[in-house]
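Here's the structure, in structure tokens; my notes come after.
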Amino acid sequence: MKKIITILLMILLVGCATAKKDIKDLSIVVPSGAPSLAFYNETRNDNFNTSDAASILPELKSDSGSDIIVIDTVNGIKALNAGANYKLAATITFGNFYIASTGLDSDGVMNDGDYIVLFSQNATPDLLFHSIYENGLDSNIHYVSAVSDAATCLIKGINISDENRQADEEPYVDYVMIAEPALSMALGKNDNTSVYANIQDLYEELSRSSGEYPIMQASLFVSNRLDNEQVDEYLAKLENSINDLLKNPELFKGTLGNIPNEEVKEIFGVPNMNIATEVLTENSINLGFKKAYDYKEAIDRYIAIYGMENTSEEIYYK
């Protein structure tokens, strides 16, 4: 009898040791904004959170971080190169940057000397702009801190933060580099504004020799604590959710229900449900799903603008 009990206890212990989380119980953290829209099905998941990138990065560097982490590809790869206990599994946003015109430029062509506003100096928007235009437009470039400041410049047609302006003149702006969904919001507030250039299209034109080389902007990283079955199941679920959403953007409203706009803004970083649906309908945020390892060359081309070397195959989930 004792032998039977011992065997039963051993079976129970082995069962407990091998028990694993259902994918619905995986902990997930995502930056608010474009990447978070991919997770519209997770809003009722208590283990799902959105945050700012600065708060997410330490999780990626921690052994006790979330099971699934989304962050910008560049900082994610840097963390993996430094030994983070995660793998790069997929990329889900492929650039949401645009050049917008205020309508104030007399010839309607962005030339050197036109007043051009960029945001986030020495970061992604700045590096992308200069990877395309190099230094040919630098004589009258002005930087603002955040995309919200760029949106204000586009709406007002002036850069009130320009410290070099004379007291008796307004610094009129001709062109603004901006990102979605701030672009859609700004265009709706000034009828004279328009999209001048799609940065994603220009980047691909320059980088394409053979194959497909999109901007590999925000990526999904999976903890090494998870086994392949869990990861594969979750990735398949997410890919299907994203494809369904792009085919039918009304799913966003349908899934979330009548939650207040304040909550939509808090979770997803978009002003309201209508703006979220608009950017999904046009897919101007370039939401999608690509397995990272299949696009290693595109990732290497993208991180090269940051002065980074090609990635090692060891950092990828395969």
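The values are calculated or read from the model by the stated rules, or taken from the named source; none is laboratory data. Predicted, not measured: the structure shown is a model, and the values here were computed from it. Note that each Cβ is placed from the backbone with ideal geometry, even for glycine, and that neighbours are counted across all protein chains shown. Just so you know, the surface numbers come from the protein's heavy atoms only, side chains and all, with ligands and any DNA or RNA stripped out. Shrake-Rupley method; radii C 1.70, N 1.55, O 1.52, S 1.80 Å.
Which percent of the accessible area of the range 55-110 is formed by carbon and sulfur heavy atoms (probe 1.4 angstrom)?
The computed percentage sits at 44.
Which loop-located chymotrypsin sites (Phe, Trp or Tyr not before Pro) does the range 56-99 contain, where loop means any DSSP state but H, G, I, E or B and the Cβ has at most 14 other Cβ atoms within 10 Å?
none
How many Å² of accessible area per residue for the chain, probe 1.4 Å?
I get 49 Å² per residue for this part.
So for the chain: antiparallel DSSP bridges make up what percent, rounded to the nearest 5?
Around 65 percent antiparallel, to the nearest 5.
With a 1.4 Å probe and all protein chains left in place, how much of the accessible area of the range 120-223 comes from carbon and sulfur atoms, in whole percent?
42 percent
With the radius of gyration and the Kirkwood radius both derived from the Cα set of the range 17-69, what is their ratio Rg to Rh?
Expressed as Rg/Rh, it is 1.00.
Would you kindly state the longest site-free stretch of the chain, with sites defined as GluC sites (Glu not before Pro) in a DSSP loop (not H, G, I, E, B) surrounded by at most 13 other Cβ atoms within 10 Å?
Answer from the scan: 1-133.
Hey, what angle do you get for helix 147-156 against the long axis of the chain, alpha-carbon based, 0 to 90 degrees rounded to 10?
Rounded to the nearest ten degrees, it is 30.
Using the alpha-carbon centroid of each, what span in Å lies between the range 264-318 and the range 187-241?
3 Å
Would you mind counting up the charge near LEU246? Only other residues with Cβ under 14 Å from its Cβ, with Lys and Arg at +1 and Asp and Glu at -1.
For residues surrounding LEU246, the net value is -3.
Give the angle, between 0 and 90 degrees and rounded to the nearest 10, that separates the Cα long axis of helix 124-133 from the longest principal axis of the Cα atoms of the chain.
Around 50 degrees separate the two axes.
Using only Cα atoms, find the angle between the long axis of helix 273-282 and the longest principal axis of the chain, and express it within 0 to 90 degrees, rounded to the nearest 10.
For helix 273-282, the angle is close to 80 degrees.
Give the distance, in whole Å, between the Cα centre of the range 109-149 and the Cα centre of the range 171-185.
Using only Cα atoms, the two centres lie 11 Å from each other.
Give the lysines reachable from LYS265 as a straight Cα distance under 29 Å; neighbours fewer than 8 places away on the same chain don't count.
The qualifying lysines are LYS24, LYS61, LYS156, LYS189, LYS237, LYS247, LYS253, LYS290, LYS291.
Under a 1.4 angstrom probe, counting protein chains only, how are ARG301, ARG225 ranked by accessible area, largest first?
Heavy-atom accessible area, descending, gives ARG225, ARG301.
May I ask you to give the percent of accessible area on the range 239-294 that is carbon plus sulfur, with a probe radius of 1.4 Å?
Roughly 40 percent of what the probe reaches on the range 239-294 is carbon or sulfur.
By what distance, in whole Å, do the Cα atoms of the chain stretch along each of the three principal axes, largest value first?
Principal-axis extents of the Cα atoms in the chain, largest first: 96, 46, 36 Å.
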